[in-house]
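What follows is a single structure, written as structure tokens, with notes after it.
The values are calculated or read from the model by the stated rules, or taken from the named source; none is laboratory data. Since we're looking at a predicted model, the values are computed, not measured. Glycine gets a Cβ as well: all are built from the backbone with ideal geometry, and neighbour counts include every protein chain shown. Just so you know, the surface numbers come from the protein's heavy atoms only, side chains and all, with ligands and any DNA or RNA stripped out. Shrake-Rupley method; radii C 1.70, N 1.55, O 1.52, S 1.80 Å.
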4 protein chains.
Amino acid sequence: MTETTPGWLTSDDLEQARARMPILYVEAVPVRVDDSGEVTSVGLLLRIGSDGTVSRTLVSGRVLHHERVRDALLRHLEKDLGPMALPRIPSSLQPFTVAEYFPTQGVTPYHDPRQHAVSLAYVVPVTGDCRPRQDALDLVWFSPQDALSLAVQSEMPGGHGVLLKQALAHVGYAV
Amino acid sequence: MTETTPGWLTSDDLEQARARMPILYVEAVPVRVDDSGEVTSVGLLLRIGSDGTVSRTLVSGRVLHHERVRDALLRHLEKDLGPMALPRIPSSLQPFTVAEYFPTQGVTPYHDPRQHAVSLAYVVPVTGDCRPRQDALDLVWFSPQDALSLAVQSEMPGGHGVLLKQALAHVGYAV
Amino acid sequence: MTETTPGWLTSDDLEQARARMPILYVEAVPVRVDDSGEVTSVGLLLRIGSDGTVSRTLVSGRVLHHERVRDALLRHLEKDLGPMALPRIPSSLQPFTVAEYFPTQGVTPYHDPRQHAVSLAYVVPVTGDCRPRQDALDLVWFSPQDALSLAVQSEMPGGHGVLLKQALAHVGYAV
Amino acid sequence: MTETTPGWLTSDDLEQARARMPILYVEAVPVRVDDSGEVTSVGLLLRIGSDGTVSRTLVSGRVLHHERVRDALLRHLEKDLGPMALPRIPSSLQPFTVAEYFPTQGVTPYHDPRQHAVSLAYVVPVTGDCRPRQDALDLVWFSPQDALSLAVQSEMPGGHGVLLKQALAHVGYAV
């Protein structure tokens, strides 16, 4: 999970908090849907880590102090997909799952070496023009079948591949 | 629940089926949402029954043979709200609840004297221009608070008021 | 999906209804859970079809006229797992998904050559002693990982393997 | 929301964190269910605040660093209801809603003057003997109808009455 907006926490503050309590995140799986709401493709961000490894990620980021979950979702979608993506934030806050990223591997399928993050995960249709900003190189659209392929899954470390599978299972796809 | 599209069942066939097995319905609560997905108003259809009583209803109707649930949702939304309503059918088929209408009162909060109907219920944002067709006089938009008022609830018989409350609770409103 | 309790529909009646409207089913994925609610194993019924093929299935069956969904769930769990299985029927009727079995292949991931069945699917912890009755040979418990294996999936035709994957994704497993 | 287990955060640490980021909570609505899973009664804790006011609350508390959500649920249920309550923690982490308590009133229906808390809310059947511990005087069981009454709702400040209504709507009750 990449979070480059420091908000009004200094880096030191954030480091301290990360060592002491779970950090609340939101995560969005951007999708294209047809008129009947069926998911036709899934958008994955292409990133290059500080160590040069290529990975594909979902839209994600922290919820700030005094920020509503739905505003955090909108902010991170605009941050990652650009201002013209036109995401349809869900009307209900009920997530399809809660992903628990532990600094220790193996506690759950999710892993984040930096912190204990608890992430509310949503499928979010986007209808506009997506232009990844910040540290993402590109946004690539996959069919649900291709998104579930081993090739794509192998580029989604830290349990993000599991989360993507859960999202697709929630909308009716499981291969 | 009003269903005036007979499909390819004759009236006699439908009567027979209704006496012998639960009939599958879909129900949609049409809402307007803001950019953050928050529900700002709820649309209720104004109908006059065959006995002259005024009532407010949700969008609902049968699922036909060989019809997908999402296609039935789309069809009934277009039937009740007109072709320009632009409903956003949910990407997941997980309903917020399942409403069971029994011909006998008191088994559940829902009641339909004609039949045992089991209804998959969804909150559906609509973004376009709604023009009720068929037997509805009008579509009236209410704030969530007004939709929960006693006055509106008293005009929603058969448990539809309960279902509306459940829908609003699902999106964060309960007064 | 196997349904051997005819209820008070004659075979002819059922045949007629199946040709004309979607038939409402419930489906349960029986699981064992630990004290923290985490799924530790999944129960699959071993069946031999009329043509001699071995298959593994979930608990499933029709909802009868004037029967509540939760009573149908309980009835089919007792029918398939025996009277001492002690299933914990969910307090909410919100299913984890709705599976649409079409007589035509390819419309959805689910297929039933006999009928158009729409199934409300639930994960149901069982705490007692399971003794499969009726036409099932045995109930076999699998770890979530083994239940997701290709070997097991290949023995679950008609989309039941997909539904099992969706159930496991819903409770946090996706391999 | 009452949280008296400081974990390994000092009071000062917790104060600091509360001023800077949302704090993750879990909340449980304890219920009794019948064999078909239907909720027959709801348990509310009776508390006396530091200012002498009587209030009724749900089970709630913080998720600690490196603690799973389901372990936090179990810990708080045992803390509030005693070690013999035998709660049935849900197999899926999907909450029925996410309640956002803001220090400022009016942002959401939920309010906590001490902090910005984000709470994952679950309905949890308990089957054993409940003996409230800590600062609760008593656990009182209400029928769903009585729990929704104005008298009870007026004793649940801070939006907990709204959350209870949402929980009951989720399991089929809305009066």
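Approximating the spin labels as points 7 Å out from Cα along Cα→Cβ, the C:PHE142-to-C:HIS66 distance works out to 4.0 nm.
Taking the protein heavy atoms of the protein assembly as shown in the context of the full set of protein chains, the accessible area attributed to carbon and sulfur is 53 percent at 1.4 Å. Sorted from nearest, the other copies put their D:ARG32 label points 3.1, 4.6, 5.5 nm away, the label point being 7 Å from Cα in the direction of Cβ. Note on chain B: GNM, Cα springs under 10 Å; of B:ASP51, B:ASP129, B:ASP146, the largest mean-square fluctuation is that of B:ASP51.
Using a probe of 1.4 Å on the protein chains alone, the accessible area found for A:ILE48 is around 90 Å². At an R0 of 25 angstrom, the distance between the Cβ atoms of C:ASP34 and C:GLU78 translates into a FRET efficiency of 0.55. For region B:26-60, heavy-atom accessible area (probe 1.4 Å) falls by no less than 30 Å² from the chain alone to the full protein assembly at B:ASP35, B:SER36, B:GLY37, B:GLU38. So which of C:LYS79/C:LYS165; A:LYS165/C:LYS79; A:LYS79/A:LYS165; B:LYS165/C:LYS165 end up more than 30 Å apart by C-alpha? The pairs that break the limit, which is 30 Å between Cα atoms, are A:LYS165/C:LYS79; B:LYS165/C:LYS165. Per residue, the average separation of C-alpha pairs within less than 8 Å and at least 6 apart gives chain C a relative contact order of 28 percent. Computed about the Cα centre, the dipole magnitude for region D:21-170 is approximately 280 debye when only Lys and Arg (+1) and Asp and Glu (-1) carry charge, each at its Cβ. In the elastic network of chain B, a GNM with C-alpha springs shorter than 10 Å, the most mobile of B:VAL152, B:VAL29, B:VAL124 is B:VAL152. A simple rule links phi to the HN-Hα coupling: the Karplus curve 6.51 cos²θ - 1.76 cosθ + 1.60 with θ = phi - 60°, which for region B:117-128 gives 10, 10, 10, 8, 10, 10, 8, 10, x, 10, 10, x Hz, with x for Gly and Pro.
Axis-proximal residue of chain D for the rotation onto chain C, reported as residue and distance in whole Å: D:ARG88, 3, based on Cβ position.
Placing a label point 7 Å from the Cα of B:SER143 along the Cα-to-Cβ direction, the distances to the matching points in the other copies come to 3.4, 4.9, 5.6 nm, shortest first.
Using a Förster radius of 56 Å, what is the FRET efficiency between C:THR104 and D:ALA19 based on their Cβ-Cβ separation? Nearest 0.05, please. The value I calculate is 0.40.
In terms of accessible area, using a 1.4 Å probe and ignoring ligands and nucleic acids, A:LEU74, C:LEU44 rank largest first as A:LEU74, C:LEU44.
At a threshold of 10 Å², the residues of region D:70-86 that become less accessible to a 1.4 Å probe in the full protein assembly than in their chain on its own are D:ARG70, D:LEU74. The sum of -39500 (n - 2.57) across all DSSP H runs of n ≥ 4, divided by the residue count of the protein assembly as shown, sets its helix-only mean residue ellipticity at 222 nm to -6000 deg cm²/dmol.
Starting from the label point of C:GLY106 at 7 Å along Cα→Cβ, the same points in the other copies fall at 4.7, 5.3, 5.9 nm, in ascending order.
Accessible surface buried by the B/D pair amounts to about 900 Å², both sides summed, 1.4 Å probe. What is the sum of charges around B:PHE102, taking Lys and Arg as +1, Asp and Glu as -1, for the other residues whose C-beta is under 9 Å from the C-beta of B:PHE102? So the environment of B:PHE102 carries a net charge of -1. With all protein chains in place and ligands, DNA and RNA left out, the 1.4 Å accessible area ranks C:LEU168, A:LEU137 as A:LEU137, C:LEU168, largest first.
In terms of solvent-accessible area of protein heavy atoms at a 1.4 angstrom probe, what is the ranking of D:GLU38, D:GLU100, highest value first?
Details: D:GLU38 55, D:GLU100 10 Å².
I get D:GLU38, D:GLU100, largest accessible area first.
For region B:96-125, heavy-atom accessible area (probe 1.4 Å) falls by no less than 40 Å² from the chain alone to the full protein assembly at B:VAL98, B:GLU100, B:PHE102, B:HIS116. To the nearest 10, the accessible area of C:THR104 is 70 Å² with a 1.4 Å probe. If you take the square roots of the eigenvalues of the alpha-carbon gyration tensor of region D:21-170 and sort them as a ≥ b ≥ c, do you get rounded (a/c under 1.5), prolate (a/b over b/c) or oblate? Cα axes put region D:21-170 in the rounded bin. How much FRET efficiency would the formula 1/(1 + (r/R0)^6) give for A:ARG133 and B:THR127, where r is the Cβ-Cβ distance and R0 is 30 Å, rounded to 0.05? With a Förster radius of 30 Å, E is 0.70.
Normalised per residue, the accessible area of chain B is 36 Å², obtained with a 1.4 Å probe and no contribution from ligands, DNA or RNA. Round to the nearest 10 and report in Å² the accessible area of D:HIS76, as given by a 1.4 Å probe over the protein chains' heavy atoms. Per-residue accessible area (D:HIS76): approximately 0 Å².
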